[in-house]
Amino acid sequence: MLLNRRLNRHAARRLLTVLTCRIDGRRLRRPNLLAEVCRAVNAALRQSKKMARADPHLFGPQARKYFLDTIQLEKDQEALNAELRKVYGTSADAHPPSTVWQDRYCIPPASQKLFRKWFREFYG
């Protein structure tokens, strides 16, 4: 650090020189941006693998197939409900049934382990 530099400059004045040494006397090293990007990519990959293990139906490689099956099940359920309404009509005291999406995506924590086993057997 230069001790003979003028310190009474205006606060809005730009700094024209770049500080090249630290207070302890060692040279200032520029950050390795490639290493930072590689660390960030590795962290993202580790996180995605962790999420795929925890919720394979949301983040795993078979999530698209599970999603498309859910759409097909919803269409089938809607057709079945339409036929039942045509035959039996609507009942005023009936509670709204749980949807296919809630059944397939909102899995209670108590049955998570069983669901993962079923998912692995059925979807691979």
Item to complete: Answer yes or no: is there a residue in segment 54-62 that is modelled with pLDDT of 90 or more and in contact with a Pro (Cβ under 9 Å, 6 or more places away or on another chain).
Response: yes
Fill in: Any hit, segment 33-46, residues being modelled with pLDDT of 90 or more and in contact with a helix residue (DSSP H, G or I) (Cβ under 9 Å, 6 or more places away or on another chain)
no
Worksheet item: Under the condition of being of a type in the set (S, T, N, Q) and over 16 Å from TYR123 (Cα atoms), which residue from segment 67-82 is farthest from the chain's Cα centre (by Cα)?
Response: ASN81
Discussion item. Looking only at segment 105-124, how many residues end up being surrounded by 10 or more Cβ atoms within 10 Å (Cβ to Cβ) and part of a helix (DSSP H, G or I)?
Written reply: 12
Item to complete: Could you check how many residues of segment 19-36 are at positive phi and either part of a helix (DSSP H, G or I) or surrounded by 10 or more Cβ atoms within 10 Å (Cβ to Cβ) (or both)?
Response: 0
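Determine which member of the set ARG85, ARG46, ARG39, ARG64 is without any contact (Cβ under 8 Å) to a residue 24 or more places away in the chain, within 19 Å of GLU121 (Cα to Cα) and assigned to a helix (DSSP H, G or I).
Just one listed residue meets the conditions, ARG64.
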Fill in: Filter result (of a type in the set (A, V, I, L, M) and out of contact with any Leu (no Cβ under 8 Å at 6 or more places or on another chain)) within segment 69-121
ILE71, LEU73, ALA79, LEU80, ALA82, LEU84, VAL87, ALA92, ALA94, ILE107, ALA110, LEU114
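The values are calculated or read from the model by the stated rules, or taken from the named source; none is laboratory data. This is a predicted model, so every value here is computed, not measured. Every residue, glycine among them, receives a Cβ derived from its backbone with ideal geometry; neighbour counts consider all protein chains shown.
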